Amino acid sequence: VTARVENISVIGTGYLGATHAACMAELGFNVIGVDVDPEKIDSLSRGELPFHEPGLPELIRKHVDTGRLRFTTDMDQVGAWADVHFIAVGTPQVKGGTGADLRFVDAATTSLAASITKDALIVGKSTVPVGTAARLADLVQDTTQEGVQVSLAWNPEFLREGFAVEDTLRPDRLVIGTRNPGDEATLREVYAEALGRDTPFISTDFETAELVKVAANAFLATKISFINAFAEVTETVGGDITTLADAIGYDTRIGRKFLNAGVGFGGGCLPKDIRALQTRVAELGLDHSMKFLDEIDQINLRRRKKAVARAFELLDQDIVGKKIAVLGITFKPLSDDVRDSPGLDVAARLFNAGADVAVYDPEGNRNAAKRYPRLGYVNTLTEAVTGAELVILTTEWQEFRALTPADLNDLVAAKRFIDARNVLPATDWENHGWTFAQLGRKM
Ligand code: UGA
């Protein structure tokens, strides 16, 4: 028999945790978000987010006001209070390696388990190497105080940055891995609203639950590198990569999504997840099973180099001192995240080669400046392109997709453009006298 779920804690209030906490409050639960960083807790308590995510600040403020959502640094407070604890701390790539760094997950689980004084379910949401849940279940058993019943479940998260709230409240599917009877019922109660809408609910073991997450991200990365590998071919022989993607995408077995060729994937998830998966599988002695992901990674990284090579070509190999406008520095639109960002990588390479780089991004400049303080950051599109010898579109924000030749004709020093996301109509620009390059298109 499971107790009714009323109180929920979320350990880790970064991207995933802050979103999950706010959405659980929206579903009617009392929620406390826990983090070791007092500054983060202070700003969240005021309804301020340290990152950009559409709709999330409003949702947090709403439930800070309803009183259903609070934040603390005090683990003991939730250990005595919550019925369900979600673990949502990060699993970054280890410094100097390719595997996942599990220090935060281990530390959060240990300190949580030690603080629990009321029967509860711990639910891991972080992306982890297969085998982690089983190891943490043992850790929880060893750490939990006597007389308290604590169980562990795994419930991977599939939210996209830019659509985090929507994806959390209306997921495509829910996946849970459990070992103890009763835990599934508890999670069905937590997700009752989505289940009422017939959201597919996959109840499975730890290993499958852990693997579903990395398999999904590996598949998405593979789709992107697949089309980008064909872009290398059309760049050489001619042909139109977008038409090719459209044509294969009509096959419902293939599907058109994630077949946009360009400067490739980045962000805090896809790149590190495919590397961590390969590393984990190799540790298990399966050296070959995920070896293809190495190619996926290599194809992806080659796209950045190709964008830089195109810039050299368009400027006749002479880029020193030339003003280059880089439009878009976040790893994708609707985010201020610059982790492993292709656009930022391209800008840094051009800067290191001696170009006078002017970076403009609607949301990303602040984070990019922390990582590469020496690039030239400007606050408007006009400033970026004025006097530019070359314009490169690296992230397809709506304001860049809407650009027309007439917007830039009188501002630039020379009409040279690289559309590294294939979002603008090439012939239009060429008809207005531009030298217009795309990734996947023969020059
Ligand atoms: C990704 C997954 O899509 C989520 O399902 C997952 O939950 C998340 O990682 C995670 O593991 O937390 P996200 O990193 O927010 O989400 O970004 P995506 O929308 O997947 O885009 C990833 C990258 O691929 C971006 O740099 C984007 O520009 C690039 N991309 C995407 C392409 O180059 N071509 C495409 O056709 C699609």
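Of the numbered criteria (1) within 17 Å of T394 (Cα to Cα); (2) part of a helix (DSSP H, G or I), the one T234 fails is (1). Annotation: D246 fulfils all but one of (1) outside the structural domain of I418 (by TED's automatic domain parsing); (2) within 16 Å of the ligand (Cβ to nearest atom); (3) more than 30 Å from G97 (Cα to Cα); (4) not β-branched (V, I, T); the unmet one is (1).
When I202 is tested against the conditions (1) within 21 Å of T19 (Cα to Cα); (2) surrounded by fewer than 18 Cβ atoms within 10 Å (Cβ to Cβ), the lone failure is (1). When region 145-196 is filtered for residues that are in a loop (DSSP other than H, G, I, E, B), hydrophobic (A, V, I, L, M, F, W, C) and within 16 Å of the ligand (Cβ to nearest atom), the ones remaining, listed by number, are F158, L159, F163. As a summary of the residue check, W154 satisfies the conditions (1) of a type in the set (F, W, Y); (2) surrounded by fewer than 24 Cβ atoms within 10 Å (Cβ to Cβ); (3) without any contact (Cβ under 8 Å) to a residue 60 or more places away in the chain except for the one numbered (2).
Here is the figure for region 228-240: residues that are over 20 Å from V346 (Cα atoms) and within 11 Å of the ligand (Cβ to nearest atom) total 0.
A quick yes/no check of all residues on (1) crowded, with 24+ Cβ neighbours inside 10 Å; (2) within 16 Å of the ligand (Cβ to nearest atom):
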site: G262; (1), (2): yes, yes
site: I299; (1), (2): no, yes
site: K323; (1), (2): no, no
site: L327; (1), (2): yes, yes
site: A347; (1), (2): yes, yes
site: L350; (1), (2): yes, no
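Would region 56-73 turn up any residue that is in a loop (DSSP other than H, G, I, E, B), touching a residue at least 40 places away in the same chain (Cβ under 8 Å) and under 19 Å from K40 (Cβ atoms)? So far as region 56-73 goes, no, none of its residues is in a loop (DSSP other than H, G, I, E, B), touching a residue at least 40 places away in the same chain (Cβ under 8 Å) and under 19 Å from K40 (Cβ atoms).
Checked against (1) over 17 Å from A420 (Cβ atoms); (2) more than 13 Å from the ligand (Cβ to nearest atom); (3) surrounded by fewer than 20 Cβ atoms within 10 Å (Cβ to Cβ), R339 passes all but condition (2).
Condition check for P92 on (1) under 30 Å from R4 (Cα atoms); (2) surrounded by fewer than 18 Cβ atoms within 10 Å (Cβ to Cβ): one failure, at (1). Summed over region 1-53, residues that are in contact (Cβ under 8 Å) with a residue 60 or more places away in the chain and of a type in the set (D, E, K, R) total 4. The set of residues in region 420-443 being in a strand (DSSP E or B) and surrounded by fewer than 20 Cβ atoms within 10 Å (Cβ to Cβ) consists of T435 alone. You will find that of L286, L244, the residue that is in a helix (DSSP H, G or I) and either touching a His at 6+ places or on another chain (Cβ under 8 Å) or on the phi < 0 side of the Ramachandran plot (or both) is L244 and no other.
Residues satisfying the criterion are absent from region 270-280 (criterion: more than 11 Å from the ligand (Cβ to nearest atom), in a loop (DSSP other than H, G, I, E, B) and over 29 Å from Y372 (Cβ atoms)).
The values are calculated or read from the model by the stated rules, or taken from the named source; none is laboratory data. Predicted, not measured: the structure shown is a model, and the values here were computed from it. Neighbour counts are summed over all protein chains in view; Cβ atoms, including those assigned to glycine, are modelled from backbone coordinates with ideal geometry.
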